[in-house]
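What follows draws every value from the coordinates through simple rules; no lab data is involved. Because the structure is predicted, anything quoted here is derived from the model rather than measured. Backbone-built Cβ (ideal geometry, glycine too); neighbour counts: all protein chains shown.
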Amino acid sequence: MLEPTDRDTVKPILFQKAEEFLRNFSARFESSSKQQKFDAFFLENDISLRSDYAKLQQLINALKTRIVFCHNDLLIQNILYDSSTGKVSFIDYEYAGFNYQGFDIANHFCEYAGVQNVDYSLCPSTQEKRSWIVQYLNFFLQHPPSTEDVEEMLSNSTIFEAAAHFFWSIWALVQSQNSSIDFDYLGYGILRYKMFRSLMQTNEKI
C-alpha cells in the first residue's frame, strides 16, 4: 500500500482535478444546440457547479477515510483479467495519484453502468457492495475486517459515489467544449450530474 508521507500536505487528486475542470469550463457554448441543452438542465434547475462542489467537499472532509495511491479511473476497459494465470492487471494511469481510498472503490461501483450505453441498474446492490468490501478489506488489512470497518466503508461509498459522478460530470462538460471525438459528452455529463444530485439528496436523508 502506498500512502503519502505527510497526509496534511497532500491534496487528493479528486479536488485537484475537479478544480482544474471547473476552471477550464465555461457556461457559454459556441453551439446553440449545446447551449440550449446545457441551459435546459443546469440553468432551469438553478444549479451552481461551484456551490455543489463546496457542499461535496464539506461532506468528504468530515469523513474518516485513508488517502492512498489510487488508479481513479477503474472502468472495465482498464481492468485486465488473465484467465490462464488468474491475475488482474490495470492499465491507463492518466488520473492515478494520491486520493481518497473510498473514491477509487465507489468510482469502480459506478463504472458497472458502462459509458456508451449507460445502465445504472447494472451497478452492484448494497449487499453486493458489502461482500466486495469484505473481500477487499480482508486483503488490504491482511486480516478479517470488523463489521464496523465494513459498514463504515459501505456508508462512505454513497458520498464517494456522488463524488465520482460529480467528477466525471464536470470532466464531460469540459470535453463537450474541447473534444473532437464523436460522443455526446454533454448528455453524458448531464446524466452523471443527475446521479450526483440524487445521491446527495439520499445522503441528506441519512
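Computed quantities for the displayed model
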| item | result |
| --- | --- |
| Within the range 119-206, chymotrypsin sites (Phe, Trp or Tyr not before Pro) in DSSP loop having at most 16 other beta-carbon neighbours inside 10 Å | 183 |
| Residue-count net charge about residue 14 - beta-carbon cut-off 13 Å; Lys, Arg +1, Asp, Glu -1 | -3 |
| Sorted by Cβ density within 10 Å, fewest first, the residues 182, 104 | 182, 104 |
| Built amide H within the under 5 Å cut-off of residue 98, gap 5+ | 13, 70 |
| Gap separating the Cα centres of the range 135-194 and the range 82-104, nearest whole Å | 14 |
| Unit charges on C-beta of K, R, D, E only; dipole of the range 133-197, Debye | 300 |
| Trypsin sites (Lys or Arg not before Pro) lying in DSSP loop within the range 10-56, provided at most 12 other Cβ fall within 10 Å | 28 |
| Kyte-Doolittle mean at least -1.0 and Cα axial length at least 24 Å: DSSP H helices in the chain | 147-178, 185-205 |
| Dimensionless Rg ratio for the chain, taking C-alpha atoms and the 2.2 N^0.38 Å reference | 1.06 |
| Estimated inter-spin distance, residue 203 and residue 10, nm [label 7 Å along Cα→Cβ] | 2.1 |
| Environment charge at residue 195 (Cβ cut-off 14 Å; Lys +1, Arg +1, Asp -1, Glu -1) | -1 |
| Residues in the range 140-162 that a label on residue 130 would reach, taking backbone N under 13 Å of a point 7 Å out along Cα→Cβ | 147-155 |
| Net charge contributed by nearby residues that have their C-beta within less than 11 Å of residue 102 (K/R +1, D/E -1) | -1 |
| Cross-link reach list, lysines versus residue 37, counting only Cα pairs under 24 Å and skipping chain neighbours closer than eight places | 194 |
